[in-house]
1. Taking the conditions exactly as written (of a type outside the set (A, V, I, L, M, F, W, C) and under 25 Å from Ser70 (Cα atoms)), does Gly203 satisfy them or not?
2. I need every pair where a residue in region 116-134 that is within 13 Å of Ala81 (Cβ to Cβ) has its Cβ under 7 Å from the Cβ of a residue that is of a type in the set (Lys, Arg), sequence separation at least 6 or different chains.
3. Any idea which residue in region 186-198 is farthest from Gly31 (Cα to Cα), counting only those that are in contact (Cβ under 8 Å) with a residue 60 or more places away in the chain and not aliphatic (A, V, I, L, M)?
4. Taking interchain pairs and intrachain pairs at least six residues apart, which have beta carbon atoms under 8 angstrom, with the first residue in region 167-182 and assigned to a helix (DSSP H, G or I) and the second charged (D, E, K, R)?
5. Out of the residues in region 89-114 meeting the condition of being of a type in the set (Val, Ile, Thr) and more than 10 Å from Ala140 (Cα to Cα), tell me which one is modelled with the lowest pLDDT.
6. If we only count strands (runs of 3 or more DSSP E) wholly inside region 203-256, which ones have 3 or more residues that are surrounded by fewer than 18 Cβ atoms within 10 Å (Cβ to Cβ)?
7. Being modelled with pLDDT of 95 or more, surrounded by 15 or more Cβ atoms within 10 Å (Cβ to Cβ) and either closer than 20 Å to Asn274 by Cα or β-branched (Val, Ile, Thr) (or both): is that true of Val182 here?
8. Going residue by residue through region 118-129, is there one that turns out to be under 22 Å from Phe181 (Cα atoms) and crowded, with 18+ Cβ neighbours inside 10 Å?
Amino acid sequence: MIEARGLTKRYGATAAVDDLSFTIRPGMVTGFLGPNGAGKTTTMRMILGLDYPTAGMVTVNGKPYAKLASPMREVGALLDARAVHGGRSARNHLLCLARTNHISRRRVDAVLDLVGLANVAGKRSRGFSLGMSQRLGIAAALLGDPEILIFDEPVNGLDPEGIVWIRTLMRSLAAEGRTVFVSSHLISEMENTADHLIVVGRGRLLADSGMAEFIAGSSGQVVLARTPQPDALGRALNAAGATTSTGEPGIVQVRGLTEDVVADIAFANGIRLNHLAPARVSLEQAFMELTADSVDYHGQSPVDTQPAHNGSEA
């Protein structure tokens, strides 16, 4: 279990992490989400004792990381896949870690096989692709067979097969009762992986909830109505304050009204409904809505960058 209480990290006048409190529990995959600069990596570094908090504290199984008797056997972490001596082979990199932590050579071979690097174990890591480096970093995190695992952007550089593999691995580790804490910018992948979410913005906690609860709490809920009179339904719903749009023929997407209200308006206007149901809101939609005010850098829409048309041609 990982517990943060009032965790704060300041760099001068800037608060990278601001009074952050949460608990990461065993038996589930907890996703750590936030825009760039939200404080995710800084938080993970403080968990691992690599950065010291300005205020507050964070503990691993009730102790600061620095006071764990055998850290690698209790916590495995991947923060930077490229943080490997490029002149060492994959096997020798892991052997160095194993020998300094009283871990057997047999375990080194086991994790190399687990992450799919057994066939390249003798190759120097400087020639590895980013995906292979990620696998080596994951092998190092698993080396001590720890109960707690922390992964920062573990799917970077992985191909589709690798993404499915790491997703399955993380979920299987959680199913064994381990604590799995993972950050990622691939929101759609996190939706398939995480059971629980910690969402931060500008260093502050924005959400701490289960995946389904987080998505259900989005105000962007959409109702889908199928009708042979889409234009009439759209006009009636717009008059009631809804925002509507059409997708497939006969389908009206409705925002701002519940299913019951849509049904009542259709009935009052003599409009036949063939189907009425809530549309599924994605994690990405809910995340973008929640963090809209926490994004530091906004790109322009391609539409916004088009030159104004003045009616003349070159």
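1. Details: of a type outside the set (A, V, I, L, M, F, W, C): yes; under 25 Å from Ser70 (Cα atoms): no.
Criteria not met by Gly203.
2. Leu117/Arg135; Ser125/Arg88; Ser133/Arg82
3. Here the residue is Ser188.
4. Arg167/Glu189; Ala174/Asp195
5. First, the residues of region 89-114 that are of a type in the set (Val, Ile, Thr): 100, 103, 108, 111.
Keeping just the survivors that are more than 10 Å from Ala140 (Cα to Cα) gives 100, 103.
Details: Thr100: 89, Ile103: 93.
Step by step, filter region 89-114, then rank; the result is Thr100.
6. Details: elements: 204-210, 222-226, 243-246, 251-255.
Here the list reads 204-210, 243-246, 251-255.
7. Working: modelled with pLDDT of 95 or more: yes; surrounded by 15 or more Cβ atoms within 10 Å (Cβ to Cβ): yes; either closer than 20 Å to Asn274 by Cα or β-branched (Val, Ile, Thr) (or both): yes.
Yes.
8. Checked against the condition, which is being under 22 Å from Phe181 (Cα atoms) and crowded, with 18+ Cβ neighbours inside 10 Å, region 118-129 yields no hits at all.
The values are calculated or read from the model by the stated rules, or taken from the named source; none is laboratory data. None of these values were measured; they are calculated from a predicted model. No Cβ is skipped: glycine too gets one built from the backbone with ideal geometry, and neighbour counts run over all protein chains shown.
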